[in-house]
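Beneath this line is the structure, given in C-alpha cells, with notes to follow.
Readers should treat all values here as calculations from the given coordinates under stated rules, not as data from a laboratory. The shown structure was predicted, so the numbers you read here are calculated from the model rather than taken from an experiment. Glycine gets a Cβ as well: all are built from the backbone with ideal geometry, and neighbour counts include every protein chain shown.
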Amino acid sequence: MIYRKELEIRYTTDVLVVGGGAAGVAAAVAAARMGKKVLIVEAQGCFGGVGTSGMVPSFAAFYDGANLLAAGIGAEIRGNVSRDVPITQSWTPIHAEELKREYDRIITEAGVEFLFFTTVADVAAENGHVEYAVLTSRTGLYAVKAKVYIDCTGDGEFTAMAGGKFSCGDEDGNTMPPTLCSLWTGADAEEYFRTDIRARLEEAIDDGVFTYEDRHLTGMSFREDGLAGGNIGHIFGTDPLDQRSVSDAMVWGRRSMLEYQKFYREYVGGCRDVRLAATAGMLGVRESRRITCDYTLSVQDFIDRADFDDEIGRYCYAVDIHVMNTSREEMARFEQEYRKNLRYNKGESYGIPYRSLIPVSFDNVLTAGRCMGTDRQMEASIRVMPGCFITGQAAGTAAALAVDNHGEVRRVSPLALQYALVSAGAYMRRELRPALR
C-alpha cells in the first residue's frame with residue numbers, strides 16, 4: 001500500500017529540539033538564551049522525561065567532590081528544586097511536581113516555543129543534510145524546517161528515522177533491563193535504613209515471594225514529606241525499541257509492584273504499613289540506541305580521566321550497567337564493576353568532547369543525553385540527569401553558534417563554544433577556560 005499526503009510546513013525555526021527530558025530542556029534553553037528561535041517537542045504532557053513522567057526518584061551527582069560539574073543550566077534547575085538538600089549531595093530525592101514546574105518556568109522564561117503530546121513521525125534527509133522533520137500530534141501530520149536539529153530523544157529516534165548510523169546494546173544487541181519506577185507511602189525511613197535489606201531480600205527470594213530472583217534492588221529514596229520514590233525491580237527481556245515488548249513491560253511492571261509491596265511489608269523494618277501510591281506513566285529505559293558520532297567516548301576515556309581540546313564539560317558518575325539476568329554471577333559482575341573498579345575518587349572526572357555530540361551521518365544535527373556518541377560502558381555513566389544537563393547545554397549552545405554558520409555544526413569553533421559555555425556558567429577545566437574580558 002502506498003500512502004501519500006501533502007504536508008503543511010507549520011513551523012520554521014532556527015533550532016528544533018526533539019525530546020524534552022533533561023538534555024532537551026537544557027539544549028532548548030541554551031540556544032534560546034543566545035537569541036535563537038527554538039522549538040522543542042515532547043511526547044508526554046510535561047518536560048523532564050524519566051525524572052518526571054518516569055518517576056525516577058533521585059538526581060545523581062552534580063558534584064565530583066571538588067567541582068560543580070553540572071553547572072550552568074543544570075545547577076540553576078537543581079537550585080530551584082529539592083532546596084532542602086545541598087547540591088553537593090548525591091542521590092537527591094526528586095519531587096516530580098516541583099521539577100515539572102521548574103522546567104515549565106525555565107522554558108517559558110527563555111522564550112522557547114514548545115509542543116507537548118508531539119512526536120516525530122519521519123525525517124527527510126538527503127546527502128547528509130536533514131531537510132525537515134515530520135511531526136504528529138492531535139492535529140495530524142505536519143512538517144518543521146530548522147537550520148539545526150538536536151536529537152534528545154534518549155532512544156536516538158530522530159537520527160534513526162533520518163537514516164543515521166547507530167549501535168544498540170551489547171555485541172548481541174541486548175540492553176539493560178528497564179524499571180517501572182513508583183511512589184510509596186507509609187514507610188519509616190529510620191527503621192528502613194536500620195534493616196539489612198540484602199539479607200531480607202535473600203530470605204524473600206528463598207520463600208518464593210518473587211517471580212524473578214532479582215538481587216539488584218536499588219530501593220527507595222525518602223523525601224521529607226513522608227513519600228518515598230521507588231527505583232525497584234528489573235523487567236528482564238525487554239526490547240526498548242519494540243513497542244510490543246515495551247507495552248508488555250509496562251503491564252508486568254505494574255503487577256510486579258504487588259510482589260515488592262508484600263516484600264516490604266513482611267520483611268523490611270518500618271514498612272509494615274507501606275502502600276504503593278502510584279507507578280510511572282512511562283518505562284524507565286536505561287539503554288537503547290547510541291548514535292555514531294565523530295568521536296565515540298569510551299570506557300578507556302573513563303579509565304584515563306581523559307582530557308580533550310574540544311572539551312565541552314566533564315562528568316564523574318560510575319559505569320553503572322545493571323544486571324542483565326538473575327544469576328548470582330551477573331550480580332557479582334555488577335558489584336565488582338560498579339562498586340569497585342569503574343568509579344572515581346573525590347575530584348576525579350572525564351572530559352566530554354564536542355565531537356561526541358556530532359552524528360557522523362549529518363552536517364546539521366547534534367545530539368545530547370543518553371543517545372550521544374559513546375560506547376556501551378560510557379553510556380552507562382553519562383546517561384543520568386546531571387550528565388544530560390551538561391551535554392544538553394553544550395549541544396544547544398553549539399546549535400546557536402551553528403545557526404550563524406549556515407547550520408553546519410562542524411564549522412563551530414571549539415574555542416568559541418567553550419567561551420560561550422563558560423560565559424553561561426558551565427564548568428570547564430581551568431586550562432581550557434577562555435579568558436573572559
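Odds and ends about this structure:
- The residue list Leu283, Tyr212, Thr238 was ranked by how far each Cα lies along the charge dipole of segment 165-287 toward its positive end, using unit charges on Cβ atoms, and Leu283 comes out on top.
- Ordering of 332-344, 7-19 by burial proxy (mean other Cβ atoms within 10 Å per residue, highest first): 7-19, 332-344
- Where labels lie 7 Å past Cα in the beta-carbon direction, separation of Glu6 and Ser137 in nm: 2.3 nm
- Per the Debye calculation on the chain with a single equal scatterer at every Cα and no solvent contribution, log₁₀ I(q)/I(0) for q = 0.08 Å⁻¹ amounts to -0.43.
- With θ taken as phi - 60° and the Karplus curve 6.51 cos²θ - 1.76 cosθ + 1.60 applied, the whole-hertz 3J(HN,Hα) list for segment 214-228 is 8, 8, 8, 9, 5, x, 10, 10, 8, 9, 6, 8, x, 7, 9 Hz, x standing for glycine and proline.
- The stretch between Arg101 and Ala66 holds 9.6 nm of extra length on full extension. This uses 0.36 nm per residue minus the Cα-Cα distance.
- Take every Cα pair under 8 Å whose residues are at least 6 apart in sequence, average their separation, divide by the length of the chain, and the relative contact order is 23 percent.
- For segment 182-279, the Cα-based Rg and Dmax, in that order, read 13.8, 41 Å.
- Between Gly284 and Thr179, Leu180, Cys181, the built amide H atoms are under 5 Å apart, and every one of these is 5 or more places off in sequence or on another chain.
- Calculated FRET efficiency for the pair Asp207/Gln89, C-beta based, R₀ 56 Å, to 0.05: 0.95
- Net dipole in debye of the chain [+1 Lys, Arg Cβ; -1 Asp, Glu Cβ; about Cα centre; nearest 20]: 920 debye
- Full extension of the chain between Asp242 and Leu415 gives 58.2 nm of extra length, using 0.36 nm per residue less the Cα-Cα distance.
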